[in-house]
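What follows is a set of notes on a single structure, which appears directly below.
The values are calculated or read from the model by the stated rules, or taken from the named source; none is laboratory data. What you see is a predicted model, and the numbers here were worked out from it, not measured in a lab. Every residue, glycine among them, receives a Cβ derived from its backbone with ideal geometry; neighbour counts consider all protein chains shown.
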């Protein structure tokens, strides 16, 4: 894939970059076939197109297979953090075909005067003097996450397009190069020396090796396994594989350590799915990085996708809020209806003198002997009512009940008024007098003709202390019965 292109910052590289930049399409429905397979930027970095696609991210191996391949059971970083394997969808992007070299990092430092974390801390070893032989074509080491991010910021400004570190998903997808084998070169660990600079490799390099000397993966990327560990953009989370999005996952929003992938010349068990992490300011003789550059059309597509997800989330939250409010309203209405029902029962018990009466809702009938009592209507009148006779306005909580009473006998029935004791031991007359509502002389129905329904109204005042209810009853059949008002404490 990389044959015929120069590997250093020559005029040919500049010409290629200019050409492919002009040819980049702006069609929002951009596909892999519309994009150039490679870009070369102004500092000689070859950026390889990573095609849009899906892959199984995570450890594709059982504990038994792991032990067979590596000679020992998997450790906790494999057993817990690299599982479960799960499908991830990614859109296209460009990734550096090699790790950032000493030469490329020197361009950044020469222009900006940047001091790495190691240099600022006074550490004796830095990217300039790592303690072993280092040429300009070898990967820069003793690089912290902060150093790598600073390089990307500088390169983005210089090239006028976004450069950044790859996410864990982008890194692992590119590392595997479209393969589904245990390693991107196959299933045999014995072939690793052809593709990766690892500990004990017989490649003539005791420490780092020049980039590009080993064989690339199927997508033309060098040293995605071995040589140096590579910083990723994501914060590290041990539950990432269980919690992450399935499309273009970006890792958690915060954390203490950054993801760190790929193994190095100090390691001898290469795994594309192995997840490491380090503090953002950490630096080592085997820590380096490679960069990726975004494709504007896919960035716009991703922003629209995320905006759609956010809008749907907001819609669901708003719907949940409305549903909650509706349920609360229904619960309040149910509680108030229950309060009215209890008030009606209390009224019946008081008026008919039956403390055990337990009739409930509107329309239900309570038979006391041959007298049928029925609640016809219950309404909550609110907090203010005007007394019909005194015209006084009374503040409180008032419930209106319309009651029908009917004599089921064949002969007339006689009803007489009775004394009623409220919760505070007062008679109805004392209650009435204290509220200035009624006269002391009170009559309820004197005579009920057979099979003739009579209606009367009850007005309850529900006290805040729940000590009782004040009940005003007025006879509506004024043509046949003496009208009266009764105040009852319940």
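Go through 186, 251 for me and flag whichever is under 24 Å from residue 152 (Cβ atoms) and either at pLDDT 85 or above or crowded, with 19+ Cβ neighbours inside 10 Å (or both).
Of 186, 251, the one residue that is under 24 Å from residue 152 (Cβ atoms) and either at pLDDT 85 or above or crowded, with 19+ Cβ neighbours inside 10 Å (or both) is 251.
Residue 201 fails exactly one of the following numbered conditions: (1) under 25 Å from residue 293 (Cβ atoms); (2) in a loop (DSSP other than H, G, I, E, B). What is the number of that condition?
Result: residue 201 fails condition (1) only.
Is one or more of the residues making up the stretch 223-237 surrounded by fewer than 19 Cβ atoms within 10 Å (Cβ to Cβ) and not in a strand (DSSP E or B)?
Checked the stretch 223-237: no residue is surrounded by fewer than 19 Cβ atoms within 10 Å (Cβ to Cβ) and not in a strand (DSSP E or B).
Taking the conditions exactly as written (assigned to a loop (DSSP other than H, G, I, E, B) and under 20 Å from residue 91 (Cβ atoms)), does residue 218 satisfy them or not?
yes
What residue, of 159, 146, 99, 119, is assigned by TED's automatic domain parsing to the domain that holds residue 266 and at pLDDT below 95?
Exactly one residue qualifies, and that residue is 159.
May I ask you to verify whether residue 196 is part of a loop (DSSP other than H, G, I, E, B), in contact (Cβ under 8 Å) with a residue 40 or more places away in the chain and either closer than 19 Å to residue 264 by Cα or not assigned by TED's automatic domain parsing to the domain that holds residue 104 (or both)?
yes
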